[in-house]
Structures are given as structure tokens and as C-alpha cells.
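None of the figures in this text is laboratory data; all of them are computed from the coordinates on show. Bear in mind the structure is a predicted one, so any value in this text is a computation, not a measurement. Cβ coordinates were reconstructed from backbone atoms using ideal geometry, including for glycine residues, and neighbour counts include every protein chain displayed.
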Amino acid sequence: MIADPRGSITLTAIVPGQRGTLANLYQLYLHDMSAFVSLELDTSGRFVFDGDTLDQYFRAAGGTAYFIRYGRAIAGFVLVRRYPPSPSIFDIEQFFVLRGYRGLGVGRQALAGCLARHPGRWQIRVMHENRPAQAFWQRAIAELTGGRYVQAEACDGDLPMCFFTFASP
């Protein structure tokens, strides 16, 4: 185990000077996602991604990026935005918990923190192939909403996705 299981789980807003740390964590996220989609490495062995994916979170009204902390340690990140096709809905664009912190309630408590900070209508999109993530979101959302959510299959762009829609309690 990486940390004391009694550590508190918090969200801390990521400031522009911490973008490099977020980019490093994003590489680990992309490594995990490479099990479900084809991702290319550049000549230095890093995953290729559009830098605007992260940069938008440091512009006005671009969304909010948070580190997920377990005690003082960084345990992951979450990127929350207004969903571009439907700006009245909050959307988790990306969510990542380091493997050593999974199964400790870190993800569920991070989601609870997001819902508390951003009350309103929500959706969470999960790639159809990512069955472990679907199971996590189904459990966490059901627990935090008292089972009041809708789960549906649809395409987001060209990717088949599982959509969870609900209102924050």
C-alpha cells in the first residue's frame, strides 16, 4: 500500500505553474487508456496528445482541473468542464487515480468532492471498452445519488460510449 489508509482525500485546484505535473500524470493516464484505444508514442517514448486538452483548464471559463490528494500525496487528477454540446451540463472530461490508490475509496470521494463544488446536472462518459471504469462509475454514482441516474449507450464523436447522467445531490 502506498499511503496510510486513514489519509484524507481532497481536491485541490491545479494552478498554471503546476501544468507540468498534470502533464506528467496525463502520460500515466494515457498509458492506462492505451489498453482501450490505439495511442502513439513520439520518438522520446511519450504519448502524443493535443496540449490544448490541458491548456484549456488554465483559461477563463475553460473548466477546472483538480489534483486528487490522499493525505498530502497526489493520487490522481480530475478535469471538470461544461460539456461543449450542452453547456448546462457538467462533464468529467478526464479522471485518473493512480493504481496504488485504487480500491481505497479515493475515486468515489473525489467524485463526491466534484459534485459538492459543482452542483447541477452532470454526465460522465466512459469508453464502451473500458468495463472496469464503467463498473466503478456505476457503483460510485449509484451510491452518491441514491440510485437516481440514467445509464445509456451513445456515440461521442466517433467513439461508442456509456453515458451516466444525473443531478448532484
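Return the single residue from Pro16, Pro85, Pro119 with maximal mean-square fluctuation; model: Gaussian network over the chain, springs between Cα atoms under 10 Å.
Pro85
Please compute the Cα-Cα pair-distance distribution of the chain with 5 Å bins starting at 0, giving whole percents from short to long.
Per 5 Å bin, starting at 0, the Cα pair percentages come out as 1, 8, 17, 21, 22, 18, 9, 3, 0, 0.
With Cβ to Cβ distances under 12 Å as the rule, what net charge do the other residues near Gly120 carry (K, R +1; D, E -1)?
+2
What size of dipole, in debye to the nearest 20, comes out for segment 35-79 about its Cα centre when the only charges are +1 on Lys and Arg C-beta atoms and -1 on Asp and Glu C-beta atoms?
360
If the chain between Arg59 and Leu41 were fully stretched, how many nm would it gain, using 0.36 nm times the residue separation less the Cα-Cα distance?
3.8 nm
Net charge near Cys162, counting Lys/Arg +1 and Asp/Glu -1 over other residues with Cβ under 12 Å of its Cβ?
So the surrounding residues net to -1.
Excluding Leu28 itself, what net charge comes from residues whose Cβ is under 14 Å from its Cβ, given Lys and Arg +1 and Asp and Glu -1?
Neighbour charge sum, excluding Leu28 itself: +2.
What does the extension gain come out to for Thr12 and Asp156, with contour length at 0.36 nm per residue minus their alpha carbon separation?
Difference between extended and current length: 49.0 nm.
Taking only Cα atoms and a 10 Å spring cutoff, compute GNM fluctuations for the chain and point out the largest among Asp55, Asp32, Asp42.
Of the options given, Asp42 has the highest mean-square fluctuation.
Out of segment 118-169, which trypsin sites (Lys or Arg not before Pro) are coil in DSSP terms and have no more than 12 other C-beta atoms within 10 Å?
Listed in order of number, the matching sites are Arg148.
How large is Rg over Rh for segment 53-135, taking Rg from the Cα atoms and Rh as the Kirkwood inverse mean of 1/r across Cα pairs?
Radius of gyration over Kirkwood radius for segment 53-135 works out to 0.96.
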